[in-house]
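Participant: Have a look at the structure that comes next, please.
The values are calculated or read from the model by the stated rules, or taken from the named source; none is laboratory data. Note that the structure is a prediction, hence the values are computed from the model and not measured. Here Cβ is always computed from backbone atoms with ideal geometry, including for glycine, and neighbour counts include all displayed protein chains. Side chains are part of the model used for accessible areas, which takes the heavy atoms of the whole protein and leaves out ligands, DNA and RNA. Shrake-Rupley method; radii C 1.70, N 1.55, O 1.52, S 1.80 Å.
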Amino acid sequence: MNIEIKELNGSYYGTLNGWIDTAVATQFLEDLKPLMNNANKSIVIDCEKLEYICSLGLRGLLKLKKETVAKGGNLVLNHVDGEVLKILKMTGFLKLFDIR
């Protein structure tokens, strides 16, 4: 799993790549900290290259969502499809996120 974070014009963009499974979930939560610290901004997470996400990874995204709501920011998930889309549907998380 790899996450790349960029700031552009006051918005933050994260690109997820690979698998977020239990072996890397703790690191994923740590990697989300820069976005948590800027949750008052617009945050876009690109999931086009994300192949899988486990429950701990979903927990990280949910924490980020709650933080953006609390701080007046906005979180969007882009390019969610395949296995990740199925997981979001099965868990009921699909309705919790703005997905484009």
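Participant: How much net charge surrounds HIS79 when only other residues with a Cβ under 11 Å from its Cβ are counted (Lys, Arg +1; Asp, Glu -1)?
Facilitator: Details: positive: LYS49, ARG100; negative: ASP46, GLU48, ASP81.
My count for the surroundings of HIS79 gives -1.
Participant: With Cβ to Cβ distances under 14 Å as the rule, what net charge do the other residues near ASN40 carry (K, R +1; D, E -1)? Spell out each step's value before the answer.
Facilitator: Working: positive: LYS41, LYS65, LYS66, LYS71; negative: GLU7, GLU67.
Every neighbour counted, the sum reads +2.
Participant: Amide H to amide H under 5 Å from SER42: which residues, 5+ apart in sequence or cross-chain, H placed 1.01 Å off N in plane?
Facilitator: TYR12, ASN74
Participant: Another question about this same structure. With a 1.4 Å probe and every protein chain kept in, tell me what percent of the accessible surface of region 14-74 is carbon plus sulfur. Let's see the in-between values first.
Facilitator: Values: 1500 of 3080 Å².
Exposed carbon and sulfur together represent 49 percent of the surface.
Participant: Right, another one. Hey, what do the phi angles of region 39-53 turn into as Karplus ³J(HN,Hα) couplings, whole Hz, using 6.51/-1.76/1.60 and θ = phi - 60°, x for Gly and Pro?
Facilitator: 5, 7, 9, 7, 10, 10, 10, 8, 10, 4, 9, 7, 9, 7, 9
Participant: Let me ask something else about it. Measuring with a 1.4 Å probe in the full set of protein chains, what accessible area per residue, in whole Å², belongs to region 30-100?
Facilitator: 54 Å²
Participant: Separate question: Helix 55-71 versus the longest principal axis of the chain: what angle, 0 to 90°, nearest 10, using Cα atoms?
Facilitator: 20 degrees
Participant: Across 10 Å bins from the origin, how do the percents of Cα pairs in the chain run, short distances first?
Facilitator: For the chain, the pair-distance distribution reads 17, 56, 27, 1.
Participant: Another question, then. Report the local net charge at LEU94: Lys and Arg +1, Asp and Glu -1, summed over other residues whose C-beta lies under 15 Å from its C-beta. Show your work: numbers first, answer last.
Facilitator: Working: positive: LYS65, LYS86, LYS89, LYS95, ARG100; negative: ASP81, GLU83, ASP98.
Result for the neighbourhood of LEU94: +2.
Participant: Nearest 500 deg cm²/dmol is fine: what mean residue ellipticity at 222 nm does the chain get from its DSSP H runs of n ≥ 4 alone, each adding -39,500 (n - 2.57), divided by its residue count? The partial results should precede the final answer.
Facilitator: Details: 4 runs with 39 residues, N = 100.
Value at 222 nm, helices only, nearest 500: -11500 deg cm²/dmol.
Participant: I've got another one for you. So who's got an amide H within less than 5 Å of the one on ILE53, skipping anything under 5 residues away but keeping other chains? H placed 1.01 Å off N, in plane.
Facilitator: For ILE53, whose amide H was placed from the backbone, the distant partners under 5 Å are ILE20.
Participant: Measure nothing fancy, just the Cα-based angle from helix 82-91's long axis to the longest principal axis of the chain, in degrees from 0 to 90, nearest 10.
Facilitator: That helix lies at roughly 80 degrees to the long axis.
Participant: What percent do you get for the relative contact order of the chain when only Cα pairs under 8 Å and 6+ apart count? Mind dumping the intermediate values first?
Facilitator: Numbers: 174 pairs, mean separation 26.6, N = 100.
The value is 27 percent.
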